[in-house]
Amino acid sequence: MLMIFVDNVGGALPFIDHSPWSGVALADFVMPWFDFMVGVSIALSFKKFVTPTRLDDAESTMRCRGCKKASKRFLKIFFLGVLTQGCQDLFVCNLKYVRIMGILQRVAVCFILTAAVELYTGTATKVRDYKNEEAAHMAVCQRSKWHWFACSCLCLLWTIIMYGINVAPAFGEPCGSGVLTPACNAQRVVDAAILGVNHMYFPANGGNLIGNDVTFQRLKNCSSCSPGKCVAPANASSWCTEAPFDPEGLVSSLTATADTMIGAHAGFVMLMLAKDTWRVRHWFGLGLVMVTITLPLHYCDVQLWNTDLYTVTFLMLTSGMACLVLSLFYYLIEVRACCFHFFQPMVWVGKNAITVYVLAESGFPQWLLSIFYIHGNPNDNLANVLWPSGVFWGPVDGERPTHPSYSMHILLWTVAYIAVWTIVAWWMDRQKIYVKI
């Protein structure tokens, strides 16, 4: 629900949209929290596949079943992402320029790597009669030690790439190693070498100039109304439109997967600790530690928060905040048993999250409504009339304005749009319809 909100309102209200490069805004928390929740779900759904004590034939069979389930789910999520985000438009996919990575593709990568760690290192996870609370917390840490080890390895690999590769001068900048700018970051170079520029984010690959929305194009070098995306200044840097970059590329997926590993630890807390207060304190303590560590690292310029590069400090901030928000929601709903009706719409949407996401974000409703038009003009179709970027609301996507609209109409429209999909999710829940992949 938050993703639908920021995706539709961000253009009108830049302060809630993704931070142009370094820093964080409301939208920057959405994708990391998706990654985090994937880890929580793995801890809960893969517990029947892990090895209790020793490996015998029966246990080996269960492990193989888990690998088969994980592989199928990975392929489904990955190719669904390519179909919905890798093409120029719905049902318009030029294979020369198809984008390989994307939001769902990254979720798939985070899922398969974390699932592999769980399947090959996991042991029986169950509630036990611990002598004291400290022993219970230590047992959870012991259970997730291999996930934390994998998390550390991924962060180390990310650091070696980002600070160890000597980037050649590009777009008029000297570059070098450890330079985390849009023109000089090593992520751009590595992703381009492995994926190929033609298969990175639009429009650097020539695939879809209208769909161009790399966040660094809202920096002062590239936009006259930063942090909004407006007309470019006269002295705009060449990398604003020419630097190939993929915010969900391979390198940033390393630390994104580490986020999922931390989410698995949060899931083990739910499985192993019987007392609700113990769970809340564990999540809250872990989140507080991570946020406390990352604050001085960012504000002392040791390493800035950056959603596109998914820096280690950004990982710690978003994972820490995920733990804090989880502990808050759990405390309100499970411990205090209040606010249930307020959270109920989120439950409906959460039970069919992938359905709501694909329908609301893929452009399918817009495509369906665009078939019907009025006044004999195909441009006056229902999609353009009803959507904020249409004829009734204002300029079409791709036209860079002179200043952000700050339109409350778009804000109200988005709230109504979320309400529509909440009603759909409510109806599906009433009918016991749950789409899973």
| If we scan the range 174-185, do we find a residue that is more than 24 Å from the chain's Cα centre (by Cα), in contact (Cβ under 8 Å) with a residue 24 or more places away in the chain and surrounded by fewer than 13 Cβ atoms within 10 Å (Cβ to Cβ)? | no
| said: Checking the structure you have, find out if any residue of the range 368-386 is in contact (Cβ under 8 Å) with a residue 40 or more places away in the chain and surrounded by 12 or more Cβ atoms within 10 Å (Cβ to Cβ). | reply: no
| field | Only one of TRP283, TRP305 that is over 24 Å from LEU180 (Cα atoms) and buried (at least 17 other Cβ atoms within 10 Å of the Cβ) | value | TRP283
| Quick check: is even one residue across the range 379-391 modelled with pLDDT of 85 or more and within 26 Å of the chain's Cα centre (by Cα)? | no
| message | Anything in the range 262-279 that is among the hydrophobic types (A, V, I, L, M, F, W, C) and in contact with a Phe, Trp or Tyr (Cβ under 7 Å, 6 or more places away or on another chain)? List them, or say none. | response | ILE262, ALA266, VAL269
| request: Check THR125 against each of (1) in contact with a Lys or Arg (Cβ under 8 Å, 6 or more places away or on another chain); (2) crowded, with 17+ Cβ neighbours inside 10 Å; (3) in a helix (DSSP H, G or I); (4) not aromatic (Phe, Trp, Tyr) and name the one condition it does not meet. | output: (3)
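Please pick out the residue among ALA192, ALA183 that is among the hydrophobic types (A, V, I, L, M, F, W, C) and in a loop (DSSP other than H, G, I, E, B).
ALA183
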| field | In the range 358-370, the residues that are closer than 15 Å to VAL92 by Cβ and either assigned to a loop (DSSP other than H, G, I, E, B) or at pLDDT below 80 (or both) | value | SER362, GLY363, PHE364, SER370
| task | Any residue in the range 412-437 that's under 30 Å from LEU13 (Cα atoms): show its pairings with residues that are not hydrophobic (A, V, I, L, M, F, W, C) at Cβ separation under 6 Å, as long as the two are six or more apart or on different chains. | result | TRP413/PRO388; THR414/ASN8; THR422/PRO345; ALA425/ASN352
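Given the options ALA264, ALA243, ALA204, ALA274, name the one that is within 30 Å of ILE42 (Cβ to Cβ) and at pLDDT below 90. Write out each step before concluding.
Working: ALA264 fails: at pLDDT below 90; ALA243 fails: within 30 Å of ILE42 (Cβ to Cβ); ALA204 fails: within 30 Å of ILE42 (Cβ to Cβ).
Step by step, each of ALA264, ALA243, ALA204, ALA274 is checked, and only ALA274 is within 30 Å of ILE42 (Cβ to Cβ) and at pLDDT below 90.
Listed residues ARG188, ARG218; which is in the same structural domain as CYS87 (by TED's automatic domain parsing) and in contact with a Ser or Thr (Cβ under 6 Å, 6 or more places away or on another chain)?
It is ARG218.
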| field | Pair list, Cβ < 8 Å and 6+ apart or interchain, from the range 140-157 residues that are part of a helix (DSSP H, G or I) to residues that are surrounded by 14 or more Cβ atoms within 10 Å (Cβ to Cβ) and of a type in the set (D, E, K, R) | value | HIS147/GLU118
| Quick one: what pairs do we get from the range 317-339, first residue within 27 Å of LEU295 (Cα to Cα) and without any contact (Cβ under 8 Å) to a residue 24 or more places away in the chain, second of a type in the set (A, V, I, L, M, F, W, C) and not in a helix (DSSP H, G or I), C-beta under 8 Å, 6+ apart or different chains? | LEU332/CYS338; LEU332/CYS339
| task | Among the residues of the range 90-116, count how many are of a type in the set (D, E, K, R) and under 21 Å from the mean Cα position of the chain (by Cα). | result | 2
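Is it true that LEU309 is in contact (Cβ under 8 Å) with a residue 60 or more places away in the chain and farther than 15 Å from ASN185 by Cβ? Outline the logic, then answer.
Values: in contact (Cβ under 8 Å) with a residue 60 or more places away in the chain: yes; farther than 15 Å from ASN185 by Cβ: no.
Judged against the criteria, LEU309 is not a match.
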| remark: Looking across the range 117-165 at residues that are among the basic types (Lys, Arg) and under 28 Å from the mean Cα position of the chain (by Cα), the single one that is modelled with the highest pLDDT is LYS145
| query | Looking at the range 245-288, which of its residues are in contact (Cβ under 8 Å) with a residue 60 or more places away in the chain, among the aromatic types (Phe, Trp, Tyr) and assigned to a helix (DSSP H, G or I)? | reply | PHE268, TRP278
| remark: Checked the range 58-80 for anything surrounded by 17 or more Cβ atoms within 10 Å (Cβ to Cβ), over 15 Å from SER45 (Cβ atoms) and of a type in the set (A, V, I, L, M); matches are LEU80
| Are any of the residues in the range 250-268 surrounded by 17 or more Cβ atoms within 10 Å (Cβ to Cβ), hydroxyl-bearing (Ser, Thr, Tyr) and within 16 Å of LEU326 (Cβ to Cβ)? | yes
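The values are calculated or read from the model by the stated rules, or taken from the named source; none is laboratory data. All values reported here derive from a predicted model rather than from experimental measurement. All Cβ positions, even for glycine, are placed from backbone atoms using ideal geometry, and neighbour counts span all protein chains on display.
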